[in-house]
1. Does the stretch 263-274 contain at least one residue that is in contact (Cβ under 8 Å) with a residue 40 or more places away in the chain, in a strand (DSSP E or B), open to solvent by 20 Å² or more (accessible area, probe 1.4 Å) and in contact with a helix residue (DSSP H, G or I) (Cβ under 6 Å, 6 or more places away or on another chain)?
2. Is it fair to say ASP234 is acidic (Asp, Glu), modelled with pLDDT of 95 or more, more than 9 Å from VAL166 (Cα to Cα) and open to solvent by less than 50 Å² (accessible area, probe 1.4 Å)?
3. For the stretch 157-176, give me the residue count where each residue is out of contact with any helix residue (DSSP H, G or I) (no Cβ under 8 Å at 6 or more places or on another chain) and among the aliphatic types (A, V, I, L, M).
4. Can you confirm whether the stretch 156-172 contains a residue that is under 27 Å from GLU321 (Cβ atoms) and polar (S, T, N, Q)?
5. Would a scan of the stretch 217-231 turn up a residue that is under 19 Å from ARG172 (Cβ atoms) and either in contact with a Cys (Cβ under 9 Å, 6 or more places away or on another chain) or outside any strand (DSSP E or B) (or both)?
6. Note down all Cβ pairs under 6 Å where the first residue falls in the stretch 321-337 and is in contact (Cβ under 8 Å) with a residue 24 or more places away in the chain, the second is among the hydrophobic types (A, V, I, L, M, F, W, C) and in a loop (DSSP other than H, G, I, E, B), and they're at least six residues apart or on different chains.
7. Identify, from the list ALA100, ALA31, ALA111, ALA116, the residue that is over 26 Å from ALA319 (Cα atoms), surrounded by fewer than 17 Cβ atoms within 10 Å (Cβ to Cβ) and among the hydrophobic types (A, V, I, L, M, F, W, C).
8. Please specify each residue of the stretch 128-146 satisfying the condition of being more than 20 Å from the chain's Cα centre (by Cα) and at pLDDT 95 or above.
Amino acid sequence: MKSRFIKLLFLSWMLIGCASPPSPLVSPTPALLRILNRDTYIDPALLDAFTDEIGIVIVYHTYSNNEELYNILTTAKEPYDLVIVSDVLIDRLLREQRLAVLNRGRIPNLANLAPAFNRIAGDPVNRFCVPYLWGVLGFGYRQSAQRQSITSWDDVFDPARSNRVVMVDDARFGIGLALIKLGFSPNTSDPAAIGAARDWLRSHAGRIVRFAGNDGQTFLASNEADVAIEWSGDILQIAIIDPDIQFEVPAEGAIFAADSMCVLANAANHVAAEQFINFILTAEHGAALANKTRYISPNRAAFDRLDDDLRRLIQRYQALEQEGRLFRLVDVDSATYQLYRAAWAEVRR
């Protein structure tokens, strides 16, 4: 009896010792969507909402200006799926075949785009890109630091004022604004006109205390600058917190630009990128994006959900464009672009 018990005990030990433990449940690796966008150009809650609704995790990175964006796109070891890019750069990306054709069947909310804001010069039928937000490049200033409102470049560089100016750091935008001030097209290829814009800016270089990538508004908010040449939404975001800060469109004219959502040709997750585009184009999410960033939405389904100030801005910008005071940049050939870059390098010295 004792011998039988010992045998049973030994057999039980062998069974327990040799049995493999149950395999743990392995959760599938979530799909990733890699997005590259300008800073201050998203409602962070939308990123979380997309992940919650679609189940795709977003890897979100930012850039400061178009030149930095292009360098990132051409050198990144891991490709991005979706990029929010200025319309002035879209032609170049198309020419270099860096953008993928969109599957419109996966983006039914394209129907929500307002015709007045669905304008991409190099992609008029949205084969590659979809408008994201619109903005104007103009003057942000602290009202209490001024004797009167700033409405023109003469006000910015008025010798009677001691304005400390922060300038957007971008060759096309910076030289383009000066070209408009001097009565030239901001898309000119004339070396003499580009040189005149360079010289005009250099003549006021003593007032320019900083060239800011995408954060000129922060120097205004911290009282390190009196005037910031920046994008409307960035200035209006801090104006909500500090009513002393104002934004004005230059009387001489300004640059009116669209940024668009584009899927990259080497994207690892085309489908997720198109899902994100469709997500942003809903009425609810389009309005949340515009209300948070203070930029103009191209989404007509979202208009009724915009706050009153934004609806008034839409009307004002449309009126300014009809008056011929807002200009859109277009792509220029490589030789002309180098003229802009060289002129800007001289301004920044």
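1. no
2. When the stated conditions are applied, ASP234 passes them.
3. 1
4. Checked the stretch 156-172: no residue is under 27 Å from GLU321 (Cβ atoms) and polar (S, T, N, Q).
5. Among the residues of the stretch 217-231, not one is under 19 Å from ARG172 (Cβ atoms) and either in contact with a Cys (Cβ under 9 Å, 6 or more places away or on another chain) or outside any strand (DSSP E or B) (or both), which makes the answer no.
6. From the stretch 321-337, the pairs are VAL330/ALA121.
7. It is ALA31.
8. TYR141
The values are calculated or read from the model by the stated rules, or taken from the named source; none is laboratory data. Note that the structure is predicted; figures quoted are calculated from it, not measured. Cβ: placed from backbone, ideal geometry, glycine included. Neighbour counts: every protein chain shown. When the accessible area is computed, the model is the full protein with side chains, heavy atoms only, and any ligands, DNA or RNA have been set aside. Shrake-Rupley method; radii C 1.70, N 1.55, O 1.52, S 1.80 Å.
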